[in-house]
Amino acid sequence: MKFWVLSDIDSAKFSSLKSIISRFSLDYPSIKVELEVKTRETMWESLFLHLRDPKNPIADLIEIPHSWTDILSKLGMFLEMRKVLEDANLNKYPDFLRKGCGLQKDGVFFSLPWWMELYTLQYRLDMVKNISSDISSELKSWKGFLNVCEKIKKANKKKDFFVLENANPSGAISLYNVIGCVWNRGGSLFMEDFNRAAVSKREFVKGVEDFLKLAIDGYLPLFKENYYESEGLLSEGLRAMVFTGRYYSSDRIVQPLSDKGLPDDKKPVLEAALFPNIARDGHFVSSANLAVTDNAKDIDEVRLFMETLYAPRNLKVFTESFSVFPCATTSVEGMIRTNKNYSIYRKILLHAKMTPNISVFPTYEFLVNRVLWSISLKIAKNNYNSQELVKKLIFIQSEVDYLMSLY
């Protein structure tokens, strides 16, 4: 049985998966699970190579972003989930996650939430406590956030220091990075009726430029070393803050030093704030789902393996291994209750907002990311021109609008 999963900035995801697969193999020695890691780009390419020619290989079970479910199920690539798991039930998940499962009016759906990210701004308390007397208030607005960034930059002159960690594995800026700023400007990804894209609208462009300015002003590194294991460069004191969908955990980061040079464990090392200025329109959430392809060789084998993956103990160990959130309502609420510092995530769940699960979105995302990668490269070379961004987004607008007219 082939199992394709998406690459991740934290290798602990794959170590945990391999452990689960090893235990599964002991229980079911006749079932061999072949794990293969793919980027979003290579996953997309592999799926469409199979669609064009069924002789090209495809996995039995795949991990996908929630927003891929609609187009791939319409293309007939996924089995109905209840044909694999008879007791699969979307009612155990929050409503915003159900929309990413391709749920039809007759109750049929094609993917199942596996894990999710709730996006916040996390910061090292020991690195910002002398910057502001009321850091939590300053971080509520984008202007206040920029003011904090400048103060941190001036206070840290060490080599290779940046205010913000770039948690994007590519080292560039992506659509997921800029969405919060687009919402801050009152913009959106699509027009309200979903008949056209909104990438060339003034609010979208200004929102993108707000985030790009973090790199232009030297707060956010581009194409530099970045890694998330044990909070990476944040742990080493080479970064002070990070926008991330992972939850903060004090036991995964070095303790700050007290005045006597000894570890100070009296205060939490990491704090989390809502994305600056986002309150009126919702908080960004994304999920990774599992889907069974129509090429699955043995449905019973896939069912047994999925039951193992979704077993409460395995799911808890897996999500904790790389600091992501379980999807079931009782699981994520139970997790939040265990730590008073996690109350911020309850606010996010109450006003969660995801990218739309519509047919055109995966192409939309790839096109925007391609533009943002090229713009990131321009910024890194000190050769950025805002007019170039506008021209590229106008081109995307026309291309996406054409695709939307076809669906």
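In segment 55-90, which residue that is among the acidic types (Asp, Glu) and within 16 Å of Gln104 (Cβ to Cβ) is surrounded by the fewest Cβ atoms within 10 Å (Cβ to Cβ)? I'd like the intermediate steps shown before the answer.
Restricting attention to segment 55-90, the residues satisfying the condition of being among the acidic types (Asp, Glu) are 60, 63, 70, 80, 86-87.
With the extra rule that they be within 16 Å of Gln104 (Cβ to Cβ), the set shrinks to 70, 80.
On the way: Asp70: 23, Glu80: 15.
Across segment 55-90, the extreme among qualifying residues is Glu80.
Being under 30 Å from Ser136 (Cβ atoms) and of a type in the set (Val, Ile, Thr) is the filter; apply it to segment 344-378 and report the residue that is farthest from the chain's Cα centre (by Cα).
Step by step, filter segment 344-378, then rank; the result is Ile344.
With the condition kept exactly as written, say whether any residue in segment 376-384 is closer than 15 Å to Phe204 by Cα and at pLDDT 95 or above. Outline the logic, then answer.
First, pick out the residues of segment 376-384 that are closer than 15 Å to Phe204 by Cα: none.
Looking for residues that are closer than 15 Å to Phe204 by Cα and at pLDDT 95 or above, one finds none in segment 376-384, hence no.
Is it fair to say Ser67 is part of a helix (DSSP H, G or I) and either of a type in the set (S, T, N, Q) or over 21 Å from Val285 (Cα atoms) (or both)? So that I can check it myself, show each step before the final result.
Working: part of a helix (DSSP H, G or I): yes; either of a type in the set (S, T, N, Q) or over 21 Å from Val285 (Cα atoms) (or both): yes.
Spelling it out, Ser67 is indeed part of a helix (DSSP H, G or I) and either of a type in the set (S, T, N, Q) or over 21 Å from Val285 (Cα atoms) (or both).
With the requirement that a residue be under 25 Å from Phe325 (Cβ atoms), buried (at least 18 other Cβ atoms within 10 Å of the Cβ) and modelled with pLDDT of 95 or more, what does segment 1-15 give you?
Listed by number, the residues that qualify are Phe3, Trp4, Val5, Lys13.
Given the condition part of a loop (DSSP other than H, G, I, E, B), modelled with pLDDT under 90, aromatic (Phe, Trp, Tyr) and surrounded by 16 or more Cβ atoms within 10 Å (Cβ to Cβ), answer yes or no: does some residue in segment 228-242 qualify?
First, pick out the residues of segment 228-242 that are part of a loop (DSSP other than H, G, I, E, B): 228, 236-238.
Subset that is modelled with pLDDT under 90: 228, 236-238.
Retained after the next criterion (residues that are aromatic (Phe, Trp, Tyr)): 228.
Subset that is surrounded by 16 or more Cβ atoms within 10 Å (Cβ to Cβ): 228.
Within segment 228-242, one or more residues are part of a loop (DSSP other than H, G, I, E, B), modelled with pLDDT under 90, aromatic (Phe, Trp, Tyr) and surrounded by 16 or more Cβ atoms within 10 Å (Cβ to Cβ).
When only residues in segment 116-167 that are of a type in the set (Phe, Trp, Tyr) and assigned to a loop (DSSP other than H, G, I, E, B) count, which is farthest from Phe325 (Cα to Cα)?
First, pick out the residues of segment 116-167 that are of a type in the set (Phe, Trp, Tyr): 119, 123, 142, 145, 161-162.
Next, from what is left, pick out any that are assigned to a loop (DSSP other than H, G, I, E, B): 119, 161.
Working: Tyr119: 11, Phe161: 29 Å.
The extreme case among them is Phe161.
Could you list, in sequence order, the residues of segment 176-191 that are of a type outside the set (Val, Ile, Thr), touching a residue at least 12 places away in the same chain (Cβ under 8 Å) and either assigned to a loop (DSSP other than H, G, I, E, B) or in contact with a Ser or Thr (Cβ under 8 Å, 6 or more places away or on another chain) (or both)?
Applying the first criterion (of a type outside the set (Val, Ile, Thr)) to segment 176-191 yields 176-177, 180-181, 183-191.
Applying the additional criterion that residues be touching a residue at least 12 places away in the same chain (Cβ under 8 Å) yields 176-177, 180-181, 183-190.
Residues satisfying the conditions are Tyr176, Arg185, Gly186, Gly187, Ser188, Leu189.
Count, please, the residues in segment 100-115 that happen to be assigned to a loop (DSSP other than H, G, I, E, B) and buried (at least 19 other Cβ atoms within 10 Å of the Cβ). Explain how you work it out, then say what you get.
Just the residues of segment 100-115 that are assigned to a loop (DSSP other than H, G, I, E, B), to begin with: 102-111.
Filter once more, keeping what is buried (at least 19 other Cβ atoms within 10 Å of the Cβ): 102, 109-111.
Looking only at that region, the number is 4.
Any residue at all in segment 43-59 that's in contact with a Cys (Cβ under 8 Å, 6 or more places away or on another chain) and not aromatic (Phe, Trp, Tyr)? Can you show your working first?
The first filter runs over segment 43-59 and keeps only residues in contact with a Cys (Cβ under 8 Å, 6 or more places away or on another chain), leaving none.
No: segment 43-59 contains no residue that is in contact with a Cys (Cβ under 8 Å, 6 or more places away or on another chain) and not aromatic (Phe, Trp, Tyr).
Counting just the residues of segment 375-393 that are at negative phi and polar (S, T, N, Q), which one comes out surrounded by the fewest Cβ atoms within 10 Å (Cβ to Cβ)?
First, pick out the residues of segment 375-393 that are at negative phi: 375-381, 383-393.
Within this subset, residues satisfying the condition of being polar (S, T, N, Q) are 376, 383, 385-387.
Details: Ser376: 24, Asn383: 9, Asn385: 10, Ser386: 12, Gln387: 7.
Per the stated criteria, the residue is Gln387.
If a residue must be more than 15 Å from Trp114 (Cβ to Cβ) and in contact with a helix residue (DSSP H, G or I) (Cβ under 9 Å, 6 or more places away or on another chain), how many such residues does segment 52-72 contain? First the steps, then the outcome.
Initially, segment 52-72 is screened for residues more than 15 Å from Trp114 (Cβ to Cβ), giving 52-58, 60, 70-72.
Remaining after also requiring in contact with a helix residue (DSSP H, G or I) (Cβ under 9 Å, 6 or more places away or on another chain): 56-58, 60, 70-72.
Total satisfying the criteria: 7.
When residues of segment 333-352 are filtered for being without any contact (Cβ under 8 Å) to a residue 24 or more places away in the chain and either buried (at least 16 other Cβ atoms within 10 Å of the Cβ) or part of a helix (DSSP H, G or I) (or both), how many remain? Don't jump to the end; show me each part of the working.
In the first step, residues of segment 333-352 are kept if they are without any contact (Cβ under 8 Å) to a residue 24 or more places away in the chain; the result is 333-340, 343, 346, 350.
With either buried (at least 16 other Cβ atoms within 10 Å of the Cβ) or part of a helix (DSSP H, G or I) (or both) added as a condition, the list becomes 333-337, 340, 343, 346, 350.
Looking only at that region, the number is 9.
Return the only residue of Leu26, Leu97, Leu47, Leu51 being assigned to a helix (DSSP H, G or I), free of Cβ contacts under 8 Å to residues at least 40 places away in the same chain, surrounded by 19 or more Cβ atoms within 10 Å (Cβ to Cβ) and not charged (D, E, K, R). Even if it seems obvious, please write down each step before you answer.
Details: Leu26 fails: surrounded by 19 or more Cβ atoms within 10 Å (Cβ to Cβ); Leu97 fails: free of Cβ contacts under 8 Å to residues at least 40 places away in the same chain; Leu51 fails: surrounded by 19 or more Cβ atoms within 10 Å (Cβ to Cβ).
From the options Leu26, Leu97, Leu47, Leu51, the qualifying one is Leu47.
Out of Thr363, Thr329, Thr355, report the one residue that is surrounded by 15 or more Cβ atoms within 10 Å (Cβ to Cβ), in contact with a helix residue (DSSP H, G or I) (Cβ under 7 Å, 6 or more places away or on another chain), without any contact (Cβ under 8 Å) to a residue 60 or more places away in the chain and not hydrophobic (A, V, I, L, M, F, W, C).
Going through Thr363, Thr329, Thr355 in turn, just one is surrounded by 15 or more Cβ atoms within 10 Å (Cβ to Cβ), in contact with a helix residue (DSSP H, G or I) (Cβ under 7 Å, 6 or more places away or on another chain), without any contact (Cβ under 8 Å) to a residue 60 or more places away in the chain and not hydrophobic (A, V, I, L, M, F, W, C): Thr363.
With among the polar types (S, T, N, Q) and in a helix (DSSP H, G or I) as the only criterion, which of Thr363, Thr355 stands out? Explain how you work it out, then say what you get.
Numbers: Thr355 fails: in a helix (DSSP H, G or I).
Sole residue among the options that is among the polar types (S, T, N, Q) and in a helix (DSSP H, G or I): Thr363.
Quick one: in segment 24-58, of everything that is among the β-branched types (Val, Ile, Thr) and closer than 27 Å to Asn369 by Cα, which residue is nearest to the chain's Cα centre (by Cα)? Break it down into steps so the answer makes sense when it comes.
Taking segment 24-58 first, the residues among the β-branched types (Val, Ile, Thr) are 31, 33, 37, 39, 42, 58.
When the remaining residues are screened for being closer than 27 Å to Asn369 by Cα, the result is 37, 39, 42, 58.
Details: Val37: 17, Thr39: 13, Thr42: 17, Ile58: 24 Å.
Among them, the one singled out is Thr39.
What pairs can you find where one residue is in segment 114-141 and small (Gly, Ala, Ser), the other is not in a strand (DSSP E or B), and their Cβ atoms are less than 8 Å apart, with a gap of 6+ or different chains?
Note: pairs meeting the criteria are Ser132/Glu138; Ser132/Val148; Ser132/Lys151; Ser137/Gly144; Ser141/Pro276; Ser141/Asn277.
Can Ser321 be described as closer than 30 Å to Ala88 by Cβ, buried (at least 16 other Cβ atoms within 10 Å of the Cβ) and touching an Asp or Glu at 6+ places or on another chain (Cβ under 7 Å)? Give the steps one after another, and end with the answer.
Numbers: closer than 30 Å to Ala88 by Cβ: yes; buried (at least 16 other Cβ atoms within 10 Å of the Cβ): yes; touching an Asp or Glu at 6+ places or on another chain (Cβ under 7 Å): no.
It is false that Ser321 is closer than 30 Å to Ala88 by Cβ, buried (at least 16 other Cβ atoms within 10 Å of the Cβ) and touching an Asp or Glu at 6+ places or on another chain (Cβ under 7 Å).
Go through segment 285-307 and report how many residues are within 24 Å of the chain's Cα centre (by Cα) and within 23 Å of Glu117 (Cα to Cα).
Result for segment 285-307: 9.
What pairs can you find where one residue is in segment 385-402 and in a helix (DSSP H, G or I), the other is at pLDDT below 95 and surrounded by fewer than 16 Cβ atoms within 10 Å (Cβ to Cβ), and their Cβ atoms are less than 9 Å apart, with a gap of 6+ or different chains?
Pairs found: Asp401/Asn195.
The values are calculated or read from the model by the stated rules, or taken from the named source; none is laboratory data. All values derive from a computational prediction rather than experimental measurement. A quick note on method: Cβ atoms are made from the backbone with ideal geometry, for glycine too, and the neighbour counts reach across all protein chains shown.
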